[in-house]
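Input: a single structure, listed below in structure tokens.
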Amino acid sequence: MLGGSVLWFRHGLRLHDNPSLQTALQDKSIPFFPIFIFDGETAGTKIVGYNRMRYLLEALNDLDTQFKKYGGKLHMIKGKPDVVFRRLWEEFGIRKICFEQDCEPIWRARDDSVRNVCREIGVSCCENVSHTLWDPETVINANGGIPPLTYQMFLHTVEIIGNPPRPVDDVDLKGVNFGTLTKSFYDEFTVFDKAPKPEDLGVFLENEDIRMIRWVGGETAALYQMQNRLAVEYETFLRGSYLPTHGNPDLLGPPISLSPALRFGCLSVRRFYWCVQDLFQQVNQGRLASTQFITGQLIWREYFYTMSVNNPNYAQMAGNPICLDIPWKEPENDELQRWKEGRTGFPFVDAAMRQLRTEGWLHHAVRNTVASFLTRGALWLSWEHGLAHFLKYLLDADWSVCAGNWMWVSSSAFEALLDSGECVCPVRLGRRLEPSGHYVRRYVPELARMPVDYIYDPWNAPLEVQERVGCVIGKDYPAPLVDHLAAAQRNRSAMQELRRILEKAPPHCCPSSEDEVRQFMWLGEESQVEIATA
């Protein structure tokens, strides 16, 4: 019985700002086993697309490479965590299992099963908070035992708590006694000597791999991307502004978002938060930043995590106390499939849905457009369909934040009672966000030669123009799936009727101001133009 400690990687796929790694290596003389377990919930969902799986495996490969520099390796095992840890105890007499907190309720059964085994065999279970800025339970306790029901209340609560902790120091891996698995372990479990490929785990490429943007997973890439992002933030702060892509998002340039790295924990949210805060103070000669502005998206992330903690039904309508039970209709014919595949006949929506499947990414403003179109904006289908699709394909989608966004945009929660009756028009919004039409041409090649005047509403192009550019609507590219004007009017009336029936708003979250709505939806100052139906 050699003893030893385990660092169980789940999210938090990094070495920097990793308090669980610090805890596991308090005694470097005992065997140390860094472990990742493929347990059927890979990347946070049972159904995972190729891009998400590849990003995860690249992150694991990056960890493995870093450990190998010091004579160790990342042990990648297929199995149930409680079974794997029991065998490690039987084989090596491990004394301590360390891991980063996964606060979402979907992980509770998994973590409880591990805690139960640890109690049974006398192994210490050490959980550390580092995937979120604040411990959600601390926020809830500070708010009187319930989650803050509005975003402004959340801001008020965390202001009372105080600033989130700064990142912990990096761990020196020199002299670490890395443990080695025995042959019996290889006989009993599937153990990968190097990071597998998606195909090894039954995940295959669905479309031809012709992406414009190639995301690379792993801590090394994430830290490099953060430096590039901070350079952009620095220039923005010098101009006296913030949120560089918020007012005029760049849909064609390389994305500067770090959300995939934050979702998988390749980048510490606390490292990024404090780098931005410190940079703002440096540029502004010590003046403190208004937190909710320069790091607003990180705060929304915290808010959604906190709202989900004690709500196991958070990602569905049934049994979800914060979600309105809106009577969405069932999908008719192939309309849901056409939305998923980017064949709605609305070029801005279709370009986005095709980008999602090929690259695993969408700009936040475009996400809101396709989500609104699926739900209250046009098709009147449940946000649950959209959530399932995003959880499969979107690199940065996690259970709580993604579900929170879908509820917000569909008017199901997090906004004043059915107050977003107006419907975002994909034609007008597309023209404002990307007037050149190159975004559509990039992802919808059928429309590559369509004149810019008709790129967002090609059905209005004269037939001779359609024939000249080789894209006849209804033949080479679909006609619109719905009459958007009629659908918007019908859905607006449905929302108004629901509002009349519901005399009293349920205790769900709502925006505190029009500015909050504009910021969340990325509508800018021209929102009235964009919500007007074409």
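Please count how many residues of region 149-179 are open to solvent by less than 60 Å² (accessible area, probe 1.4 Å), under 30 Å from SER29 (Cα atoms) and in contact with a helix residue (DSSP H, G or I) (Cβ under 6 Å, 6 or more places away or on another chain).
Result for region 149-179: 3.
When you scan region 122-137, do you find a residue that is under 21 Å from TYR273 (Cα atoms), modelled with pLDDT under 95 and open to solvent by 20 Å² or more (accessible area, probe 1.4 Å), even just one?
no
ILE322 versus (1) modelled with pLDDT under 95; (2) among the hydrophobic types (A, V, I, L, M, F, W, C); (3) open to solvent by less than 10 Å² (accessible area, probe 1.4 Å): which is the lone unmet condition?
Looking at each condition in turn, ILE322 falls short on (3).
Enumerate the helices (runs of 4 or more DSSP H) found wholly within region 74-142, keeping only those where 2 or more residues are within 27 Å of the chain's Cα centre (by Cα), more than 27 Å from ASP64 (Cβ to Cβ) and free of Cβ contacts under 8 Å to residues at least 60 places away in the same chain.
Details: elements: 81-92, 108-121, 136-142.
It comes to 108-121, 136-142.
What tally of residues in region 367-380 results from selecting those that are over 14 Å from the mean Cα position of the chain (by Cα), within 15 Å of LEU251 (Cβ to Cβ) and either at pLDDT below 95 or surrounded by fewer than 22 Cβ atoms within 10 Å (Cβ to Cβ) (or both)?
Here is the first cut: in region 367-380, the residues over 14 Å from the mean Cα position of the chain (by Cα) are 369-380.
Of the ones still in play, those that are also within 15 Å of LEU251 (Cβ to Cβ) are 369-370.
With the extra rule that they be either at pLDDT below 95 or surrounded by fewer than 22 Cβ atoms within 10 Å (Cβ to Cβ) (or both), the set shrinks to 369.
The number of residues fulfilling the criteria is 1.
Here's a check for you: in region 42-73, which residue that is within 17 Å of TYR393 (Cβ to Cβ) and in a loop (DSSP other than H, G, I, E, B) is modelled with the lowest pLDDT?
THR45
For region 433-473, which residues satisfy the criterion of being open to solvent by 60 Å² or more (accessible area, probe 1.4 Å) and hydroxyl-bearing (Ser, Thr, Tyr)?
The one that is open to solvent by 60 Å² or more (accessible area, probe 1.4 Å) and hydroxyl-bearing (Ser, Thr, Tyr): TYR454.
Rundown of residues vs (1) outside any helix (DSSP H, G or I); (2) among the polar types (S, T, N, Q), yes/no style:
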{"site": "TRP300", "(1), (2)": "no, no"}
{"site": "TYR305", "(1), (2)": "no, no"}
{"site": "ILE322", "(1), (2)": "yes, no"}
{"site": "ASP325", "(1), (2)": "yes, no"}
{"site": "TRP339", "(1), (2)": "no, no"}
{"site": "MET353", "(1), (2)": "no, no"}
{"site": "ASN368", "(1), (2)": "no, yes"}
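Is it the case that some residue within region 217-231 is exposed (fewer than 12 other Cβ atoms within 10 Å of the Cβ) and acidic (Asp, Glu)?
No, there is no match, as no residue in region 217-231 is exposed (fewer than 12 other Cβ atoms within 10 Å of the Cβ) and acidic (Asp, Glu).
The values are calculated or read from the model by the stated rules, or taken from the named source; none is laboratory data. Only a predicted model underlies this, so the values are computations on that prediction, with no experimental measurement involved. Virtual Cβ from ideal backbone geometry, glycine too; neighbours counted across all protein chains shown. When the accessible area is computed, the model is the full protein with side chains, heavy atoms only, and any ligands, DNA or RNA have been set aside. Shrake-Rupley method; radii C 1.70, N 1.55, O 1.52, S 1.80 Å.
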